[in-house]
1. How many residues does the stretch A:30-66 hold that are in contact with a Gly (Cβ under 8 Å, 6 or more places away or on another chain) and either within 14 Å of chain B (Cβ to nearest Cβ) or crowded, with 22+ Cβ neighbours inside 10 Å (or both)?
2. What are the residues in the stretch A:295-343 that are in a helix (DSSP H, G or I) and either crowded, with 19+ Cβ neighbours inside 10 Å or aromatic (F, W, Y) (or both), if any?
3. Which numbered condition in (1) in a loop (DSSP other than H, G, I, E, B); (2) more than 14 Å from chain B (Cβ to nearest Cβ); (3) open to solvent by 20 Å² or more (accessible area, probe 1.4 Å) is the only one that A:H139 fails?
4. Considering only residues that are open to solvent by 10 Å² or more (accessible area, probe 1.4 Å) and away from every other protein chain (no Cβ under 14 Å), look in the stretch A:145-171 and name the one that is farthest from A:V107 (Cα to Cα).
5. Could you list, in sequence order, the residues of the stretch B:221-253 that are open to solvent by 50 Å² or more (accessible area, probe 1.4 Å), over 19 Å from B:K38 (Cα atoms) and part of a helix (DSSP H, G or I)?
6. Is at least one residue of the stretch A:99-114 within 8 Å of another protein chain (Cβ to nearest Cβ) and free of Cβ contacts under 8 Å to residues at least 12 places away in the same chain?
7. Taking the stretch B:118-136 as the search range and keeping residues that are open to solvent by 10 Å² or more (accessible area, probe 1.4 Å) and assigned to a strand (DSSP E or B), which one is farthest from the other protein chains (Cβ to nearest Cβ)?
8. Looking only at the stretch B:74-96, count every residue that is open to solvent by less than 50 Å² (accessible area, probe 1.4 Å), more than 7 Å from chain A (Cβ to nearest Cβ) and touching a His at 6+ places or on another chain (Cβ under 9 Å) and tell me the total.
There are 2 protein chains.
Amino acid sequence: MYTRLLPGGHSGPAARGIAKVPIDIEVADPVMARLVMKFGGTSVANVDRIRNVARHVKREADAGHDVAVVVSAMSGKTNELVGWCREAAPLHDAREYDAVVASGEQVTAGLLAIVLQEMGIQARSWMGWQVPILTDGAHGVARITGIDGSGIIRHFEERKEVAVVAGFQGMHEPTRRISTLGRGGSDTSAVALTAAIGADRCDIYTDVDGVYTTDPRIVPHARRLDRVSFEEMLELASLGAKVLQVRSVELAMTQKVRTFVRSSFDDPLDPKPGTLICDEEDILENNVITGIAYSKDEAQITLRRVADKPGVAAAIFVPMAEANINVDMIIQVVSDDTTTTDITFTVGSADFERAKAILESSRDKIGFATLEGATDVVKVSAIGIGMRSHAGVAARAFQALAEKGINIRAITTSEIKFSVLIDSAYTELAVRTLHSLYGLDKPQ
Amino acid sequence: MYTRLLPGGHSGPAARGIAKVPIDIEVADPVMARLVMKFGGTSVANVDRIRNVARHVKREADAGHDVAVVVSAMSGKTNELVGWCREAAPLHDAREYDAVVASGEQVTAGLLAIVLQEMGIQARSWMGWQVPILTDGAHGVARITGIDGSGIIRHFEERKEVAVVAGFQGMHEPTRRISTLGRGGSDTSAVALTAAIGADRCDIYTDVDGVYTTDPRIVPHARRLDRVSFEEMLELASLGAKVLQVRSVELAMTQKVRTFVRSSFDDPLDPKPGTLICDEEDILENNVITGIAYSKDEAQITLRRVADKPGVAAAIFVPMAEANINVDMIIQVVSDDTTTTDITFTVGSADFERAKAILESSRDKIGFATLEGATDVVKVSAIGIGMRSHAGVAARAFQALAEKGINIRAITTSEIKFSVLIDSAYTELAVRTLHSLYGLDKPQ
C-alpha cells in the first residue's frame, strides 16, 4: 500500500472522515487510536533524554494506541557529521552527504527501540529505506514522494509493536540511495508518516510546550495558543517561528493531518496538550492577529539611480532566480530626477554576499549608480486569519511603530499577514509594540 | 549474480584459475587487475587520515585497476556507539545494536567517497544492504551467506567507478534488518567481497606493515614475513596475533583469496608490499616455526579433588558449552588419594567470572573440594607448518623454558602449533626465548 503524497491527496484522517468532526483537544482518546509522535534533537540529546522520550511513548502504548515514533539525530550529531563532509570537500556529492548525515537518525532510532524494549514495550527501529519512505532524487533537500506504511501497520496488528522510524531520511527508489529531507526534515517525516499509516494525529514533541503568540524570550507573558490554523502556522513558520518546519506544515495542511506541538520536557505521566494545528473551521474564536514572528536572517540591498525603463526589473531579478536566491520584499521609488528609480529588496542573509557579487557583475547591464547593503535589519510579521475580514489591521501597526520612532524600511502584505523590515536594534520594541497592539498580552 | 559463500565454494580467483600459478609478490600488476583494499579504524580515524587512504586508492585506480575499498568505522566511533547501546540497556536487542553500530562504517564510506571525488576519482559508497551483502540472522556476530557483486561490477564496467563499501555490516535477507559481523568483521567483509567480485587480491591495510615473527614491542628485531600460509595465519590469528580476524583468514583459505597485510602509513606513492597470506605450496622455503604469538585473554580454573568417576567431565564442560564459554586447554591430574582427580582448564578471561559462577552452582553435581582461579596467566604459542615434518619441535621449547625457570601450567599441541600456559610475569622472557630458539631472530 503506497501512499502517494501528491498535492491535494487525501489519504490521512480526512479520508477516513475524521478531520471534519469537532476535535476534542483532550490527549487521552477514549478509544484506541493510532498516532505518530516526533521527537527532535534536544529531546534525544543523550541516553537519559531518550529514556524520558520512551516514557512518553510508553504512556501512549499503555493506553492501547498503535504508536509510530519519528526521531531526529541526537543534538550536535548532525552538525558533527556535516562538519566532516565539509572537511572532506567544500563542495561534496549530495548523495554521499546524505549517506553520512542520515546515520545520525539511524543511531537514535536503534537506541530508542532498545530503551523501549527495556521498559517492556515491543518496539523495533525502521530506517527510511526499510519502511520504505521514498523520495525524489534531490539529495540533501529531497521531497517525500510516497510511503509504504503497510509493513509498520502489519507490525501494529500482528505484534502490537511500536515503530521507531528514523526521521529526516528516505530512499530515492530508482537508485536505492539514501536521501535526506534537509534541515528540520524530521517534522515532515512525521507528518507524512501520519498520513501514510492513517494515524489519527501527529504529536511533534519539542523543547517548548506549544506555539506562542510570540517569542517568550522577548515577551515573557506571551501566551501559548490552544489552536492555530494550518494557514497561520504556515506563515508563522515561514516568517521566523522555528517551532515547525515549513514543509511539514504544508504537508499537514494538504493531507489534513491533525498536528500537535507539545513539550518532551513535560511530565510523561501528565503532559500538557500543547497547541493543535488544525483546519480554520475547527477554531471557534478567531483573533484578528494570532501571532507575531520575526526573522533576523534578512539582508537589504538598495540599487540607487537605476534607469527607469522596461526590462530593468528582469535584469535584476532573473539572475537572482537563476542563482537560486530567494527575493522577498521589493520596493521601487522614483528618485529625484524622474528618469531613474531606486530599487530596494531583501534576500536571506546567507545569500547576501552572493547576491551583491551577481549584481556587481551585471552592473553595466542593469545600469545602477550605487549598490547599498544592510544586514542589521529584521523582518517583523503579524499573522492572523482574522485579517481577511478586518480592514486597516496593518495600518494600525504602521502608526504604532511610527509613534515609537521605528522607521519602516519595507512592507509586504498578504491575505493573512503583513511584514515590516526595520533596523534590528528595534526588534524587541517592535515585537512588544505589535504584541500588545493586537491584544495578545491579555489572557484569553 | 549471487556468490554463495559455502564451505569449499570456489568462486574467487581460484575459480578463474589464478591461485595455483606462481604468485608474483610485486604489487604493481603489469596488466589491469581488480582488487579490494581494506582500511581499518586507525587508518580512517579522522578526515586527514581518510585523505591519506584516498591517496592509496588513487594510486591503484590511476594504475587502471578496478578498485573496491572496504572501510571500518573511524577509530573510537564503534566504542562510542556500543557504549550508548549498553547505557540504553545492559542486555539489548542485537538487531537494534546492529542498526546503531553499523552507522559507524556508513559514515566512513560516505566520507571516503567524497574525498575520492575531490581528487577527481569516480567513486560511490555502498552500504551492506545496497550491495547487498547478505548474512544469517545471528545479529552482532552474523556470518556472510552471500554477496551479489553484480552491481559493483556493473559500476566498474560502465563508469570505472571506485566502490567504497561499508565494512562489518550486511543485511539479513528474510527480515531486511541491518546485521553486523562482530568485531574485526571488516576484514571478513573485504575477503568475502574479493571472492564475490572475482578480484585478484585483497589488500588489508592496517597500522603495521605486515605479519611479524612476533610482536615487535616485545622483540624489537622481530622480522616481517614475506609470506605466511593460510593455515599458519589462522593459528596466529586464533592464538593472539591481532593483525587479522580469524574468520577472515578462514574465508581467505576456503575461497583461495590472495590476501596482503600492508601498512596504510606507508608512502602512498611508494608502499611496501607487506605480507602475503597464501597457499602453503606458494611458499618456497618453510621454517619449522614461522611465528610466536601470545594471548593475555586467558584465565585458568582448577577444580581440586574431583571424584574420579565417569561423567564428571561432562558435568563440568557441558554447562560451559551451554553458556557459550569456550574451554581451551584441559589437564587432568590424579591427586594423592587415587580416588579423586584435579582438573585444570582455561577459558577466555572475559568468561572467567561467569564460568566460576556456573561451576559453583553445580558444585554438588560435580563434587569438587575447592575451586582455584588465576587470571595472571598468558598463553604463548609457536606456529609453523614445518612442525608437521619435524619431530621434537615442542620438546625443545619445554626444555628451553625450563632452563629459564619458567613453569609451564598447561600445554596443548596440534599439527602445526603448540601452546604453553605460563605466569604472565614471564610473557616477554618466554616469547624472546622461543623467538631465538627457532632462529627467528636471524635475517632471512
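1. 3
2. If the condition is that a residue be in a helix (DSSP H, G or I) and either crowded, with 19+ Cβ neighbours inside 10 Å or aromatic (F, W, Y) (or both), then A:V312, A:I316, A:F317, A:M320 are the ones that fit.
3. (2)
4. Among residues in the stretch A:145-171 that are open to solvent by 10 Å² or more (accessible area, probe 1.4 Å) and away from every other protein chain (no Cβ under 14 Å), the one farthest from A:V107 (Cα to Cα) is A:E157.
5. Hits for the stretch B:221-253 are B:E231, B:S238.
6. Yes.
7. In this case the residue turns out to be B:W126.
8. Here the count works out to 1.
The values are calculated or read from the model by the stated rules, or taken from the named source; none is laboratory data. Computed from a prediction, not measured in an experiment: that's the story for all the values here. Cβ: placed from backbone, ideal geometry, glycine included. Neighbour counts: every protein chain shown. Accessible surface areas use protein heavy atoms only, side chains included; no ligands, DNA or RNA. Shrake-Rupley method; radii C 1.70, N 1.55, O 1.52, S 1.80 Å.
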